[in-house]
Amino acid sequence: MKIVFFSAKPYDRDFFESCNEHYDFELEFWETHLGPHIADAIKPGTDAVCVFVNDKLTAEVIAVLAEKGVKIIALRCAGFNNVDLEAAKQYGIRVCRVPAYSPQAVAEHAVAMLLTLNRKTHKAYNRIREQNFSLSGLMGFNLFGKTVGVIGTGKIGAAFCKIMLGFGCKVLAYDPFENEQVRNFGVKYLPFHEVIKDADIVSLHCPLTPDNHHLISAASLSSMKKGVTLINTSRGGLIHTREVIDALKTGQVAALGIDVYEQEEKLFFKDLSTSIIGDDDIQRLISFPNVLVTGHQAFFTQEALTEIAESTLATVKALLTGDGVDEAAVLV
Ligand code: NAD
């Protein structure tokens, strides 16, 4: 049984090859994204393709996969906004994902971004290396006693809430499906606009869907507290980039931490250090001293990569053999 990996990095190969000792699939690793430009190169005999966040599984690509006899699209991530599920259903291709892998990895990265932006440790690191021990410009604020607004309290949002409660923050949350367990931690659920109105810090932990595209726009930003800190480790399309840039210019947003970005597929996971980047929005964001951009690395811990490999291979095997399928992992 053969699986072809797209957008594969050396660490994907390491973790999947190690895990595959228990499965014995034939694994092939391709560095390129999966998209219309390459789908035709897949050879008959490929049972599954394994893809990541920036591969584009459009109806056109899925039609080619079906023609080649591919039976499974396995996402080695949780989000699935990049796959046309209707087209997969139509062509009889199963789609699976990793429903849960170390939610703490992403929640802890969101906290790391918040602490870096607030206490400016990135600036202190560089300053001290130049023997500049001045404190000017490094002042932060106590997280203790601040109000944190959490949008989406699934696995990652819940882990984030717990950490922020540990800091002594008041935690407000919005989720269309309220979680009793999260409420029992001490989190108060409110409608979206009330959460963002009262929060000193807003952190996004919901999936990107057609309904919440640009959830954070000029309108929602204007109803937030002046000087809010905004963190997004979820999906870039949740934030209207140009409008958040305007809010940074006026000081409405005092600090922005993003691990995801609307146009990230042209940039992230690549070394572009000798290239001229044509995307003016990312260049503008990078130029702000109060913006921290990381390149979709929130998931990137040893624990998460181990769980991703184990869950992906187990689900592909279960779908191919029809035995022991974890329904939470299957989308179509
Ligand atoms: P989850 O499915 O456990 O939880 C998502 C929660 O969001 C659910 O409770 C759902 O009801 C809620 N939700 C849906 N629409 C909403 C909306 N419009 N407003 C508020 N809440 C809404 O998912 P999870 O495992 O917690 O992951 C959350 C998201 O994090 C994923 O969808 C993915 O986009 C992102 N993610 C990012 C990384 C990274 O490395 N940066 C890694 C994993 C996941």
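The values are calculated or read from the model by the stated rules, or taken from the named source; none is laboratory data. What you see is a predicted model; the values in this text were computed from it and never measured. Here the Cβ is made from the backbone with ideal geometry for all residues, glycine too, and neighbour counts use every protein chain on show. These area figures cover heavy atoms from the full protein model, side chains too; ligands, DNA and RNA do not enter into them. Shrake-Rupley method; radii C 1.70, N 1.55, O 1.52, S 1.80 Å.
Residues in segment 144-155 that are in contact with a Gly (Cβ under 9 Å, 6 or more places away or on another chain) and either open to solvent by 50 Å² or more (accessible area, probe 1.4 Å) or away from the ligand (no atom under 16 Å from the Cβ) (or both): PHE144, GLY145, LYS146. Applying the criterion of being surrounded by fewer than 22 Cβ atoms within 10 Å (Cβ to Cβ) and within 18 Å of ALA329 (Cα to Cα) to the residues of segment 296-308, the residue that is nearest to the ligand (Cβ to nearest atom) is ALA304.
Which of the residues belonging to segment 204-214 are surrounded by fewer than 24 Cβ atoms within 10 Å (Cβ to Cβ) and within 11 Å of the ligand (Cβ to nearest atom)?
Once the filter is applied, which keeps residues that are surrounded by fewer than 24 Cβ atoms within 10 Å (Cβ to Cβ) and within 11 Å of the ligand (Cβ to nearest atom), segment 204-214 yields CYS206, PRO207, LEU208, THR209, PRO210, ASP211, ASN212, HIS213.
Scanning segment 165-184 for residues that are in a helix (DSSP H, G or I), more than 15 Å from the ligand (Cβ to nearest atom) and surrounded by 15 or more Cβ atoms within 10 Å (Cβ to Cβ) gives a single hit, LEU165. Of the residues making up segment 236-289, just one is open to solvent by less than 40 Å² (accessible area, probe 1.4 Å), part of a loop (DSSP other than H, G, I, E, B), in contact (Cβ under 8 Å) with a residue 60 or more places away in the chain and not charged (D, E, K, R), namely PHE268. Would you say HIS122 is under 21 Å from ASN290 (Cα atoms) and within 16 Å of the ligand (Cβ to nearest atom)? Taking the combined requirement at face value, the residue does not satisfy it.
Kindly indicate which of ALA219, ALA158 is in a helix (DSSP H, G or I), open to solvent by 10 Å² or more (accessible area, probe 1.4 Å), near the ligand (Cβ under 9 Å from one of its atoms) and of a type outside the set (Val, Ile, Thr).
ALA158
For segment 35-56, the condition of being touching a Ser or Thr at 6+ places or on another chain (Cβ under 6 Å) and within 15 Å of the ligand (Cβ to nearest atom) holds for at least one residue. Applying the condition of being aliphatic (A, V, I, L, M) and surrounded by 14 or more Cβ atoms within 10 Å (Cβ to Cβ) to segment 115-143 and asking which residue is farthest from GLY257 (Cα to Cα) yields ALA124.
Test TYR91 against the stated conditions and say whether it is farther than 27 Å from VAL253 by Cβ and either within 13 Å of the ligand (Cβ to nearest atom) or surrounded by 21 or more Cβ atoms within 10 Å (Cβ to Cβ) (or both).
No; evaluated as a whole, the condition is false for this residue.
Within segment 96-115, the residues that satisfy the criterion of being more than 11 Å from THR301 (Cα to Cα) and more than 10 Å from the ligand (Cβ to nearest atom) are CYS96, VAL111, ALA112, MET113, LEU114, LEU115.
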